[in-house]
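One structure below.
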Amino acid sequence: MNATIKLEKKHFPVLLDELVSIISPLYGGTFIDCTFGQGGYSKEILRHQENRVIAIDRDKKVLSEAEELKKKFGRRFRFFHSTFKEINKISKKDQNIKAIIFDLGYSTNQILDLSKGISFKSKGKLNMKMGINEFSAHDAINNLSEDSLSKIFKYFGEEKNARLIAKKIILERKKKTINTENLVRVIESCYKKKYTKKHKATKVFQSLRIFVNQEISQLIHGLVNSFKILPVGGLIAVVTFHSLEDKIVKFFFKNYSEVSNNSRYLPINENSLKLFNLPQKKPIIPSHHELKKNLSSRSAKLRYAIKLNNSNNFKLLYEKFNYLINIENLYLDI
């Protein structure tokens, strides 16, 4: 995955200047690009001779781009075809990592690749698999119960017609297997208004993509495992594109940058340690200039934090978002 959701050939890495300013690649170090995509961030970091990049992506179709960077930068660039949830198996703490970067959007190529079926403009069999998946959107839509589909649409897409859409899907699939076009028609039939600001299928397709790619658990485990391998003084930066992602990232940074036990009479424990320093509490958003160049960046938010202490206690994070992980686990009913 990478940043820009834009239905044209030109790709723009979102908030690139702001990110570079934060991670300071000019001074050298090892950087992990957890969502390589078309390599926008990695290329910029590698412009400085003292830098090394470890890149990760689950999409096999980015391998050719990764190979080009390997040829150009040699040992300074390493690529792993994996999910960033597995970051702690790919990289170790002793590699002197300076920053770990997550860009949770999708690249232009991924959006335009209709075989992936991310866009409601796709045709034929539902898919939405980004790589290293256990099931597809086809499996979910044609097998899950009305209640399960309703939860996915409601919580992952914030779809107000979630129950009605799920009910109509069940009725429709009694007649035939549902493909992309069928699903779009079912969704459109659930709206009274002829015209809406966004396409009527946007939220359902977002929710299915999140579900199929297990994006919530990937993000939560990715953040925790990144923290574990990051040395004190290292930085985690995350670009999000919808409110659910941003809610998780905001909680992760804010909650663990506060001291939960301020009493001087109680012993210091892991819960009382500040794990992060937040140089900037509010997210960084695209400039007017960037919006003119790439309107699709309008929903992007960049948050970052600097690691202050070590800890293995992230119980509160998992408890806070356990209801979302449980919804992702509905795939076990397929």
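Residue separation times 0.36 nm, minus the C-alpha to C-alpha distance between K89 and E50: what's the value?
11.6 nm
Going from the alpha-carbon gyration tensor of segment 134-212, what semi-axes, largest first and in whole Å, does one get by taking the root of 5 times each eigenvalue?
Its equivalent ellipsoid spans semi-axes of 18, 14, 11 Å.
Just list whichever of K43/K123; K61/K154; K116/K160 have alpha carbons separated by over 28 Å in the model shown.
Correct reply: K43/K123; K61/K154.
Starting with the highest mean, order 109-116, 13-20, 64-71, 29-36 by the number of other Cβ atoms within 10 Å, averaged over the residues of each peptide.
Averaged packing, sorted descending, gives the order 29-36, 13-20, 109-116, 64-71.
In whole percent, what relative contact order does the chain give with Cα contacts below 8 Å and a gap of six or more residues? Could you put the intermediate results ahead of the total?
On the way: 581 pairs, mean separation 63.7, N = 334.
Reported as a whole number, the value is 19 percent.
Between the DSSP loop rule and a limit of at most 11 other Cβ atoms within 10 Å, which trypsin sites (Lys or Arg not before Pro) in segment 193-244 are left?
K193, K194, K197, K198
Filter the GluC sites (Glu not before Pro) in segment 156-226 to those in DSSP coil with at most 14 other Cβ atoms within 10 Å of their Cβ, and list the result.
Sparse-neighbourhood loop GluC sites (Glu not before Pro): E158.
Quick check: net charge around I178, other residues with Cβ under 12 Å of its Cβ, Lys/Arg +1 and Asp/Glu -1? Don't skip to the answer; put the middle values down first.
Details: positive: K125, K168, R173, K174, K175, K176, R185; negative: D139, E172, E181.
Taking every other residue near I178 into account, the sum is +4.
Below 18 Å, Cα to Cα, which aspartates and glutamates can K125 reach? Residues fewer than 8 away in the same chain don't count.
In chain and number order, the partners are D113, E134, D139, E172, E181.
So I have (1) 18.7; (2) 20.9; (3) 22.8, and one of them is Kirkwood radius over Cα pairs in Å calculated from this model. Which one is it?
Checking each listed value against the structure points to (2).
Could you tally the net charge around S21, taking each other residue with its Cβ under 15 Å from the Cβ of S21, Lys/Arg +1 and Asp/Glu -1?
Numbers: positive: R47, K98, R303; negative: D17, E18, E44, E290.
Every neighbour counted, the sum reads -1.
Please give me the summed charge of the neighbours of V239: other residues whose Cβ is under 12 Å from its Cβ, Lys and Arg +1, Asp and Glu -1.
Residues close to V239 contribute a combined charge of -3.
For the chain, what does -39500 (n - 2.57) per DSSP helix run (n ≥ 4), summed and divided by total residues, give at 222 nm, in deg cm²/dmol to the nearest 500? Please report the intermediate quantities before stating the final value.
On the way: 15 runs with 134 residues, N = 334.
Computed mean residue ellipticity for the chain: -11500 deg cm²/dmol.
Can you compute the modelled spin-label distance between N312 and L171, with each label point 7 Å from Cα toward Cβ, in nm?
Modelled inter-label distance: 5.4 nm.
Can you tally the lysine pairs in segment 271-334 where the Cα-Cα distance is under 22 Å and the two residues are eight or more apart, or on different chains?
Taking segment 271-334 as the scope, the lysine pair count is 15.
Under the Karplus relation 6.51 cos²θ - 1.76 cosθ + 1.60, θ = phi - 60°, what is the ordered set of whole-Hz ³J(HN,Hα) values for segment 54-60, x standing for Gly and Pro?
10, 10, 10, 7, 8, 8, 5
Which helices count as membrane-span-like in the chain under these terms: full DSSP H, at least 18 Å along the axis by C-alpha, Kyte-Doolittle mean of 0.5 or more?
Those that clear 18 Å and a mean of 0.5 are 215-229.
Bear in mind these aren't lab numbers, they're just calculated from the coordinates by the rules spelled out. Just so you know, these numbers come straight off a predicted model, no measurement behind them. FYI the Cβ positions are ideal-geometry reconstructions off the backbone, even for glycines, and counts take in every protein chain you see.
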